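Trainee: Please see the structure below; I have some questions.
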Amino acid sequence: MKLTGYTHSVESCGTVDGPGIRFVVFMQGCPLRCLYCHNPDTWEPNVGTEAHVKTLMEEIVKYRSYMRFSGGGVTVSGGEPLLQPLFVAALFERCRENGIHTAIDTSGFCKMTPQIERLLSFTDLVLLDIKSIVPERFLEITGAELEPVLMFAKYLSNLSIPVWVRHVLVPGLTDDETELRLLARYLTTLTNVKKVEVIPFHKMGEYKWRQLGLDYTLGDVPPAHSRSVEKAKNIFISAGLTV
Ligand code: SF4
């Protein structure tokens, strides 16, 4: 058991990271470098606030009634929650004891370990951000290999852990119709996908890249148009998936 972990920040009443009203914990550290990341300030590991499970739980239980009436819970996001699996597992174990629903928001980029398996045993829902189903495209977006994500998705499917897939729609990068159809077809091979969320690209995190002295290469890319979002959603619906 690991009772402390490095967090970036918390949000007490989040409404976009899973069902209902959620207490969201943003972890510090991420192995990927997505071109459209809006939280590059979470990338560096072992910095930020060293949070204790006990202190976090004292804060979380204050919002239990909001979570109950809205069907919400706790979401651990990032950064990448799978980088600190024992801390998140310890937090979720306490959530379970308190009847609080648990979710992680992850890229799924990891090597399966007993620690991650332990974390997943306390996880009610995985928000899985699949950046692309095409290996070359995934590499272009993240700087990493796609294969570990597919292995992670398979593991979740084998264990029937509910998954909401999230796909950020970036004009000219992740909105290609053929690639979206490939993604939709792949998702139908999994047994546990409850929902697909198409998230329109925005540039709200661009200023953070500049503050960190990083080169933001998507500065000229427009936000995703609502028509493209609808088109993408229809591709998933046509494959029999829920959006
Ligand atoms: S996985 Fe998430 S936090 Fe990590 S670089 Fe990509 S978008 Fe940013």
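Trainee: 222 nm [θ] for the chain, helices only, -39500 (n - 2.57) per DSSP H run of 4+, per residue, to 500?
Mentor: -10500 deg cm²/dmol
Trainee: Here's a follow-up. Please tell me the relative contact order of the chain in percent, rounded to the nearest whole number, where contacts are Cα pairs under 8 Å and at least six residues apart.
Mentor: Here the relative contact order equals 17 percent.
Trainee: Tell me which residues come under 5 Å, amide H to amide H, from G73 once H is placed; ignore anything under 5 positions away on its chain.
Mentor: The list, which skips near neighbours in sequence, is I21, R22, F23.
Trainee: With springs only between Cα atoms under 10 Å, which of P222, P81, P171 fluctuates most in a Gaussian network model of the chain?
Mentor: Judging by the Gaussian network model, the answer is P222.
Trainee: A further question on this structure: Mind checking the full-extension length gain between K111 and K203? Use 0.36 nm per residue of separation minus the Cα-Cα distance, one decimal, nm.
Mentor: Full extension of this stretch gives 30.1 nm more.
Trainee: Straight-line reach from K131: which lysines have a Cα under 26 Å away, not including same-chain ones fewer than 8 places off?
Mentor: Straight-line reach from K131, under 26 Å: K111, K154, K194, K195, K203, K208, K231, K233.
Only the coordinates and a few stated rules stand behind these numbers; no lab work does. Nothing here was measured: the structure is a model prediction, and the numbers come from that model.
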